[in-house]
Each structure stands twice: as C-alpha cells, then as structure tokens.
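Please treat every number below as a calculation from the coordinates, not as lab data. Since this is a predicted model, take the numbers as computed values, not measurements. Here Cβ is always computed from backbone atoms with ideal geometry, including for glycine, and neighbour counts include all displayed protein chains.
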Amino acid sequence: MLDTNLIAATANRLTEESSKALSFDENAYTLSTEPPQEQTFFTQLAETAQNAAFAQSCSSILVGAGNESDETGDLPFWLGSGNYGPGNSKTVLSVLGLEQWAENITAAEPQLTPELNELLHKMEYRYSFRTTSGSSVAVFVVGKLGDGWGGLVGLGVWT
C-alpha cells in the first residue's frame with residue numbers, strides 16, 4: 001500500500017522552495033508544471049520506488065540509507081517537452097523553480113532495485129544527478145518518456 005504522506009511531504013517541500021507554480025497531481029502522485037502524460041507510468045513509479053525504499057528500511061530509494069530523515073520520499077515529476085537531456089540538470093531545476101539548488105550539482109548513481117530499474121528503462125536518455133541546499137539533498141533521475149521529459153526525485157537530509 002502506498003504511503004501518500006511521504007510523497008505529499010516531498011511535493012510540499014519542493015513546492016515551498018520553488019519559485020514557480022507547481023501542481024501536485026494526487027492521482028498520478030506527480031509534481032509538474034503542466035498535466036503529466038503517462039499517468040499510469042508515474043503511479044507505478046511512485047509505488048515501485050516506495051516499495052524499494054521500504055524494503056531497504058529507508059524513506060527514499062534515491063537518497064538511500066544515508067538519509068537522516070524519514071519525512072520525505074521519492075516523487076515522480078513531469079517537465080513536458082523541452083531540452084532536458086543529459087547535461088541539462090540546471091534547466092531541469094530551473095523549470096521546477098529550484099534554481100537555488102543549482103550550485104552543487106554532481107553526478108549520481110542511485111542504488112536501484114531490479115524492479116525500479118526495469119521501470120525506469122522505459123525512459124530514454126536517462127541520467128541521474130544529485131544536488132544539495134544546506135543539509136538537504138535531492139537526487140534526480142531524468143528521462144524522456146513519449147513526447148516529454150520526467151523522472152523521479154528523492155529528497156532527504158545529510159549532515
């Protein structure tokens with residue numbers, strides 16, 4: 001059973017920090033600037049990520065066991081069409097209104113379960129990055145799905 005409180009807490013936190021009007025689709029569990037395509041995919045992504053995290057006794061599979069908070073988890077997001085491929089991490093953050101997170105971007109290799117990895121392989125041109133803001137860390141997996149871009153973001157705390 002999906003714990004929607006973790007997903008909603010992540011959406012609330014990112015929405016509060018965003019300089020843009022983001023919406024949270026409670027049916028697809030997706031944060032976006034426009035209605036997401038592929039709602040079924042994003043619902044599966046939220047469920048699979050959360051099951052993987054809980055199996056490893058953490059709240060975010062992307063942030064991992066080093067996360068010092070269990071208040072936020074992994075949240076699907078939809079960017080729509082645009083130039084969001086590899087090398088465009090700052091553009092992804094800008095579209096989400098998270099420009100203040102763009103100072104400390106590094107490559108990331110989150111430890112994914114086979115089930116989550118299989119689901120994410122439906123996205124083309126997939127890449128991952130990590131960024132920090134204070135003691136908060138966000139890990140993104142971004143890819144092209146159909147006519148647009150989206151992915152999964154995990155939010156946590158590292159000190």
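Yes or no, residue by residue, for (1) touching a helix residue (DSSP H, G or I) at 6+ places or on another chain (Cβ under 9 Å); (2) closer than 22 Å to Pro36 by Cβ:
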{"position": "Ala65", "(1), (2)": "no, no"}
{"position": "Pro76", "(1), (2)": "yes, yes"}
{"position": "Lys122", "(1), (2)": "yes, yes"}
{"position": "Ser133", "(1), (2)": "yes, no"}
{"position": "Trp149", "(1), (2)": "yes, yes"}
So Ala28, is it surrounded by 18 or more Cβ atoms within 10 Å (Cβ to Cβ) and of a type outside the set (D, E, K, R) | yes
Starting from residues that are without any contact (Cβ under 8 Å) to a residue 24 or more places away in the chain and not in a strand (DSSP E or B), keep the ones in the range 113-159 and report whichever is nearest to Tyr84 (Cα to Cα).
-> His121
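Yes/no matrix, rows are residues, columns are (1) among the charged types (D, E, K, R); (2) farther than 24 Å from Glu118 by Cα; (3) assigned to a loop (DSSP other than H, G, I, E, B):
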site	(1), (2), (3)
Ala49	no, no, no
Leu79	no, no, no
Gly85	no, no, yes
Gln100	no, yes, no
